[in-house]
1. If you go through the range 86-105, how many residues are part of a helix (DSSP H, G or I) and farther than 22 Å from ALA139 by Cβ?
2. Examine the range 156-177 for a residue that is in a helix (DSSP H, G or I), within 25 Å of MET13 (Cα to Cα) and open to solvent by less than 30 Å² (accessible area, probe 1.4 Å), and state whether such a residue exists.
3. Testing GLY60 on (1) closer than 17 Å to ARG136 by Cβ; (2) out of contact with any Phe, Trp or Tyr (no Cβ under 6 Å at 6 or more places or on another chain), one condition comes back false. Which one is that?
4. Suppose we filter the range 12-22 for residues that are surrounded by 15 or more Cβ atoms within 10 Å (Cβ to Cβ) and either in contact with a strand residue (DSSP E or B) (Cβ under 8 Å, 6 or more places away or on another chain) or in contact (Cβ under 8 Å) with a residue 24 or more places away in the chain (or both); how many remain?
5. So, of the residues in the range 23-46 that are surrounded by fewer than 14 Cβ atoms within 10 Å (Cβ to Cβ) and aliphatic (A, V, I, L, M), which turns out to be farthest from the chain's Cα centre (by Cα)?
6. Restricting to the range 47-85, name every residue that is farther than 22 Å from SER162 by Cβ, open to solvent by 60 Å² or more (accessible area, probe 1.4 Å) and part of a helix (DSSP H, G or I).
7. Mind listing just one residue for me: the one in the range 78-127 that is small (Gly, Ala, Ser) and modelled with pLDDT of 80 or more and, of those, farthest from the chain's Cα centre (by Cα)?
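The values are calculated or read from the model by the stated rules, or taken from the named source; none is laboratory data. Quick caveat, the model's predicted, so the values are computed rather than measured. Every residue, glycine among them, receives a Cβ derived from its backbone with ideal geometry; neighbour counts consider all protein chains shown. What goes into the accessible areas is simple: the full protein's heavy atoms, side chains included, and nothing from ligands, DNA or RNA. Shrake-Rupley method; radii C 1.70, N 1.55, O 1.52, S 1.80 Å.
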Amino acid sequence: MKGVIFTELVHFMEHVKSAEFVDQVITASELPNDGAFTSVGNYPAEYALSMVEQASIVSGIDAAELCRLFGKFLYNRFLILYPDIMQAYSNAEDLLAHVGSHIHNEVRVLYPDARPPHVESRKDEKGFTLTYQSHRPMAAVAFGLVQGCMEHFDDQRDLQWSFADGGTRASFIIKDMVNA
């Protein structure tokens, strides 16, 4: 997994809690690299999962909820880190519709060895649907990213989600409030 996710996870924990909290989580995670991450490095997804598990234990907040909150935080960080990509869209649906076709292609340009999740979208009578599939169990992070996107664009529509396979697959349905 790309190092930028790890550096932002550490930043998130410092922002929400403290540097001492991050140290406690990293120590409890017993990571082989002692939590030394760079934004351009590659690290096993298990390191992030271990950190989230330990953060859940230390904070008493459910791990899935921490992942969702991290996703919302991460969306706002992407606005700062990748403004040229993020500013290309004027509403949530346009951005979300292009995650798989444009945004993840840009990720591969920036990080040729990246393996982003597979994301597809469609619009039908049910609403706007995103499907997420990854080899990593990060569906709750994706949920937070979608929420962050909708909040950024002040999209008031109803968001429903479901996940499967331990968080490696998810479906997000965005409906008009009248059709919800």
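1. Looking only at the range 86-105, we keep the residues that are part of a helix (DSSP H, G or I), and these are 86, 92-97, 99-105.
Subset that is farther than 22 Å from ALA139 by Cβ: 94.
Qualifying residue count, the range 86-105: 1.
2. Step one: list which residues in the range 156-177 are in a helix (DSSP H, G or I), which gives 165-167, 177.
After this cut, where a residue has to be within 25 Å of MET13 (Cα to Cα) as well, the list is 166-167.
Pick out the ones that are also open to solvent by less than 30 Å² (accessible area, probe 1.4 Å) and you get 167.
Among the residues of the range 156-177, at least one is in a helix (DSSP H, G or I), within 25 Å of MET13 (Cα to Cα) and open to solvent by less than 30 Å² (accessible area, probe 1.4 Å), which makes the answer yes.
3. (1)
4. At the first step, the residues of the range 12-22 found to be surrounded by 15 or more Cβ atoms within 10 Å (Cβ to Cβ) are 12-13, 16-17, 21-22.
Then drop every residue that is not either in contact with a strand residue (DSSP E or B) (Cβ under 8 Å, 6 or more places away or on another chain) or in contact (Cβ under 8 Å) with a residue 24 or more places away in the chain (or both), which leaves 12-13, 16-17, 21.
So the answer is 5.
5. Across the range 23-46, the extreme among qualifying residues is ALA36.
6. As a first pass, look at the range 47-85 and keep what is farther than 22 Å from SER162 by Cβ: 47-48, 50-51, 53-55, 57-60, 73, 76-85.
Add one more test, that the residue is open to solvent by 60 Å² or more (accessible area, probe 1.4 Å), and what stays is 53, 57, 60, 76, 80-81, 84.
GLU53, ILE57, ASN76, ILE80, LEU81, ASP84 - these are the residues of the range 47-85 that are farther than 22 Å from SER162 by Cβ, open to solvent by 60 Å² or more (accessible area, probe 1.4 Å) and part of a helix (DSSP H, G or I).
7. Just the residues of the range 78-127 that are small (Gly, Ala, Ser), to begin with: 88, 90, 92, 97, 100-101, 114, 121, 127.
With the extra rule that they be modelled with pLDDT of 80 or more, the set shrinks to 88, 90, 92, 97, 100, 121, 127.
On the way: ALA88: 19, SER90: 20, ALA92: 15, ALA97: 16, GLY100: 14, SER121: 17, GLY127: 22 Å.
The qualifying residue farthest from the chain's Cα centre (by Cα) is GLY127.
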